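Peer 1: Just passing along the structure, written as structure tokens.
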Amino acid sequence: MSTRKRTWTTSKGEQRSAFIADCVDSNGHRYIQTFEFERDSKAYESKVAVNVTRGVQVAPSKSLTVREAAEVWIKRVQARGRERSTVRQYRQHADLHINRSRLGATKLANLTTKIIEDFRDDLLAKPKMTRPTARKVMTSLKSLLKVARMSHLMADVEGIAKPKRQAKLQVGKDIPTNNEIRRLIAGAGEGRERALLLTLALTGLRASEARGLTWGDVDLKSSELHVRQRADRWNNIGQLKSDTSARTIPFSTELLLALKTWKLACPKGELDLVFPTSAGAVEHHANMLRGLWPLMKRVGVVDKSSDPKYALHAFRHWFASWCCNSKEKGGRQLPVNEVQKLLGHASPVLTLSVYSHLFPETGDRKELSEATRALLTRDAT
């Protein structure tokens, strides 16, 4: 690799000059790049030298574009057996944002940190783009460049910061109140409706876990439910979200009776599901939710438009709040590590990030008042 100066005379008799970086890529292909200033040529030469050492330098004429690299990346993700929903999200990030931008047509060999920063800024400037979505797209771009062995270009790119504050879940809006849960349980009919409601509310299962739950994972003798699989949005039975999602959840006599009653009428199928369709297949998420709409309307758990008030995940939130709340508020007052295990969270930090405001205050105000009063009334020494 070397830099040399080239001079020539134009057709109009003008003297021109440029600096040429004469390079050889990682595959031994020779090529040149032309620059106006010598400093830029030498800087490029230094960059090429580093990339050749890494084995990632490719002549621009033979380099993939970012759009082409995105296809390679997605095929790699599929080959690794990632979930269909994950591949679908990556495809959306590539097709809707990366490939349609100026970045998509850029050769990897010509890619710079500045080009990536401009892409990030353009992404944030889109009218309906939210910061969380933009952050996910940038994460996908980083994964793409890692597969292309160009991840070092992201090292100095400032990320998209998370909001300093996230709205806390509100009881009565995001989480059913205890009174609403009592009304729902009291108004639930026998069979599937009651068994489904009590399972969601008293075990905190994710909807996907409830849809993939089998009778073989329900121990009616020891009153324990084992979470071992889930159903995805395409009704395919597969692995759980994470290793910590696999767990055992004890349940009460009320749920035991409801499940025993429902098992007698439950449609049979090869999958042995607890809450299947009438043909014994995996139930769609929307249909499972619609199964609770009549109950919500009957007992008045509706919004201002008289529509059913809560989604399936709201019952998982209620279960979490029930585990967190103090016994004075009708809760179980469990330690955070126990709540984490029951919910299948990866760590107590995740549990606290969502539900910290629901745990009882650690300070005993009565004890504090008594200690302060004793301090102020005691004779000085």
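The values are calculated or read from the model by the stated rules, or taken from the named source; none is laboratory data. If you're wondering where the values come from, they're calculated on a predicted model, not measured in any experiment. With ideal geometry, Cβ positions are generated from the backbone for all residues, glycine too; neighbour counts draw on all protein chains shown.
Peer 1: Within segment 341-368, count every residue that is assigned to a loop (DSSP other than H, G, I, E, B), of a type outside the set (D, E, K, R) and either modelled with pLDDT of 90 or more or within 15 Å of Cys323 (Cα to Cα) (or both).
Peer 2: Residues of segment 341-368 that are assigned to a loop (DSSP other than H, G, I, E, B), as a first pass: 344-347, 359-364.
Those left that are additionally of a type outside the set (D, E, K, R): 344-347, 359-360, 362-363.
Adding the requirement that they be either modelled with pLDDT of 90 or more or within 15 Å of Cys323 (Cα to Cα) (or both) leaves 344-347, 359-360.
Qualifying residue count for the region: 6.
Peer 1: How many of the residues in segment 145-185 are under 17 Å from Asp303 (Cα atoms) and in a helix (DSSP H, G or I)?
Peer 2: Final tally of qualifying residues: 6.
Peer 1: Hey, another quick one. In segment 256-269, how many residues are free of Cβ contacts under 8 Å to residues at least 60 places away in the same chain and touching a helix residue (DSSP H, G or I) at 6+ places or on another chain (Cβ under 8 Å)? Please lay out each step first, then the result.
Peer 2: Going residue by residue through segment 256-269, those that are free of Cβ contacts under 8 Å to residues at least 60 places away in the same chain are 256-257, 260, 263-264, 267-269.
Subset that is touching a helix residue (DSSP H, G or I) at 6+ places or on another chain (Cβ under 8 Å): 263.
Total satisfying the criteria: 1.
Peer 1: Which residues, taken from segment 5-49, are more than 51 Å from the chain's Cα centre (by Cα) and among the basic types (Lys, Arg)?
Peer 2: Step one: filter segment 5-49 for residues more than 51 Å from the chain's Cα centre (by Cα), giving 5-17.
The answer is Lys5, Arg6, Lys12, Arg16.
Peer 1: Right, next: For segment 186-207, indicate whether the set of residues that are charged (D, E, K, R), at pLDDT 95 or above and touching a Lys or Arg at 6+ places or on another chain (Cβ under 9 Å) is non-empty. Don't jump to the end; show me each part of the working.
Peer 2: Pass one, segment 186-207, residues charged (D, E, K, R): 190, 192-194, 206.
Remaining after also requiring at pLDDT 95 or above: 192-194, 206.
Imposing the further condition that a residue be touching a Lys or Arg at 6+ places or on another chain (Cβ under 9 Å) reduces the set to 206.
Among the residues of segment 186-207, at least one is charged (D, E, K, R), at pLDDT 95 or above and touching a Lys or Arg at 6+ places or on another chain (Cβ under 9 Å), which makes the answer yes.
Peer 1: What are the pairs, 6+ residues apart or on separate chains, where a residue within segment 270-297 that is outside the structural domain of Arg211 (by TED's automatic domain parsing) has its Cβ under 9 Å from a residue that is crowded, with 16+ Cβ neighbours inside 10 Å?
Peer 2: Within 9 Å, no pair qualifies.
Peer 1: On to the next question. Among the listed residues Arg100, Arg91, Arg82, identify the single one that is assigned to a helix (DSSP H, G or I) and basic (Lys, Arg).
Peer 2: Values: Arg100 fails: assigned to a helix (DSSP H, G or I); Arg82 fails: assigned to a helix (DSSP H, G or I).
Result: Arg91 is the single residue among Arg100, Arg91, Arg82 that is assigned to a helix (DSSP H, G or I) and basic (Lys, Arg).
Peer 1: Now for a different question. Can you tell me how many residues within segment 266-282 are in contact with an Asp or Glu (Cβ under 6 Å, 6 or more places away or on another chain) and exposed (fewer than 14 other Cβ atoms within 10 Å of the Cβ)?
Peer 2: Number satisfying all stated conditions: 0.
Peer 1: Within segment 167-187, how many residues are touching a residue at least 24 places away in the same chain (Cβ under 8 Å) and within 30 Å of Pro132 (Cα to Cα)?
Peer 2: Total satisfying the criteria: 6.
Peer 1: Something else: Looking only at segment 102-114, count every residue that is of a type in the set (Gly, Ala, Ser) and buried (at least 20 other Cβ atoms within 10 Å of the Cβ) and tell me the total.
Peer 2: So the first thing to find is which residues in segment 102-114 are of a type in the set (Gly, Ala, Ser), and the list is 104-105, 109.
Now narrow it down to the ones that are buried (at least 20 other Cβ atoms within 10 Å of the Cβ): 109.
So the count comes out to 1.
Peer 1: Can you find a residue in segment 29-47 that is in a loop (DSSP other than H, G, I, E, B) and out of contact with any strand residue (DSSP E or B) (no Cβ under 7 Å at 6 or more places or on another chain)? Let's see the steps before the verdict.
Peer 2: Keep residues of segment 29-47 that are in a loop (DSSP other than H, G, I, E, B), which gives 29, 36-37.
Next, only the ones that are out of contact with any strand residue (DSSP E or B) (no Cβ under 7 Å at 6 or more places or on another chain) stay: 29.
Checking segment 29-47: at least one residue is in a loop (DSSP other than H, G, I, E, B) and out of contact with any strand residue (DSSP E or B) (no Cβ under 7 Å at 6 or more places or on another chain).
Peer 1: Which one of the conditions (1) touching a residue at least 60 places away in the same chain (Cβ under 8 Å); (2) surrounded by fewer than 16 Cβ atoms within 10 Å (Cβ to Cβ); (3) in a loop (DSSP other than H, G, I, E, B) does Leu240 fail to meet, given that it meets all the rest?
Peer 2: (2)
Peer 1: Could you please find all residues in segment 124-144 being part of a helix (DSSP H, G or I), free of Cβ contacts under 8 Å to residues at least 60 places away in the same chain and under 22 Å from Thr112 (Cα atoms)?
Peer 2: Taking segment 124-144 first, the residues part of a helix (DSSP H, G or I) are 124, 131-144.
Okay, now just the ones that are also free of Cβ contacts under 8 Å to residues at least 60 places away in the same chain, so 124, 131-142.
Within segment 124-144, Leu124, Ala134, Arg135, Lys136, Val137, Met138, Thr139, Ser140, Leu141, Lys142 meet the criteria.
Conditions tested, residue by residue: (1) surrounded by fewer than 15 Cβ atoms within 10 Å (Cβ to Cβ); (2) farther than 30 Å from Arg82 by Cα.
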site: Asn178; (1), (2): no, yes
site: Thr199; (1), (2): no, no
site: Arg211; (1), (2): no, no
site: Leu220; (1), (2): yes, yes
site: Gln229; (1), (2): no, no
site: Asn236; (1), (2): yes, no
site: Ala258; (1), (2): no, yes
site: Trp262; (1), (2): no, yes
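Peer 1: In segment 248-300, which residues are more than 21 Å from Arg206 (Cα to Cα) and assigned to a loop (DSSP other than H, G, I, E, B)?
Peer 2: If the condition is that a residue be more than 21 Å from Arg206 (Cα to Cα) and assigned to a loop (DSSP other than H, G, I, E, B), then Pro267, Lys268, Gly269, Glu270, Ser278, Ala279, Val299, Gly300 are the ones that fit.
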